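> Below is the structure I would like to discuss, written out as structure tokens.
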Amino acid sequence: MTGSAWQPMAAAPRDRRIDLQAERWMAGGERLRVEVFAGCKWNPGGTVRHPAPYWRRLPTGWTATAWREVAP
């Protein structure tokens, strides 16, 4: 797989760092912003501090839409 080949989130590996493509509606829902967040890793949650699962390095409010291997 090449570093630029985006894959569906359903197939995202949860055992290593990956790059995430994510989207978020900005300014009252008038504009969709898409960004890439590098080196994200899955956290299964289950602790007092982080009870729900989440992607580390993906800011709150962003929704991951695709993933790719971390570029070398």
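Since every read-out is calculated from the coordinates, none of them should be taken as a lab result. On a predicted model such as this, the values are computed, not experimentally measured, just so you know. Neighbour counts run over all protein chains shown; Cβ positions are idealised from the backbone, glycine included.
> Is segment 12-19 home to any residue that is touching a Phe, Trp or Tyr at 6+ places or on another chain (Cβ under 7 Å) and not charged (D, E, K, R)? Walk me through how you get there before you give the answer.
Initial filter on segment 12-19 (touching a Phe, Trp or Tyr at 6+ places or on another chain (Cβ under 7 Å)): 12, 14, 18-19.
From what's left, not charged (D, E, K, R): 12, 18.
Among the residues of segment 12-19, at least one is touching a Phe, Trp or Tyr at 6+ places or on another chain (Cβ under 7 Å) and not charged (D, E, K, R), which makes the answer yes.
> While we're on this one: Collect the residues in segment 49-58 that are closer than 19 Å to Pro13 by Cα and not small (Gly, Ala, Ser), keeping them in residue-number order.
Pro53, Tyr54, Trp55, Arg56, Arg57, Leu58 - these are the residues of segment 49-58 that are closer than 19 Å to Pro13 by Cα and not small (Gly, Ala, Ser).
> For segment 3-20, check the following and say yes or no: at least one residue is touching a helix residue (DSSP H, G or I) at 6+ places or on another chain (Cβ under 9 Å), surrounded by 10 or more Cβ atoms within 10 Å (Cβ to Cβ) and outside any loop (DSSP other than H, G, I, E, B).
yes
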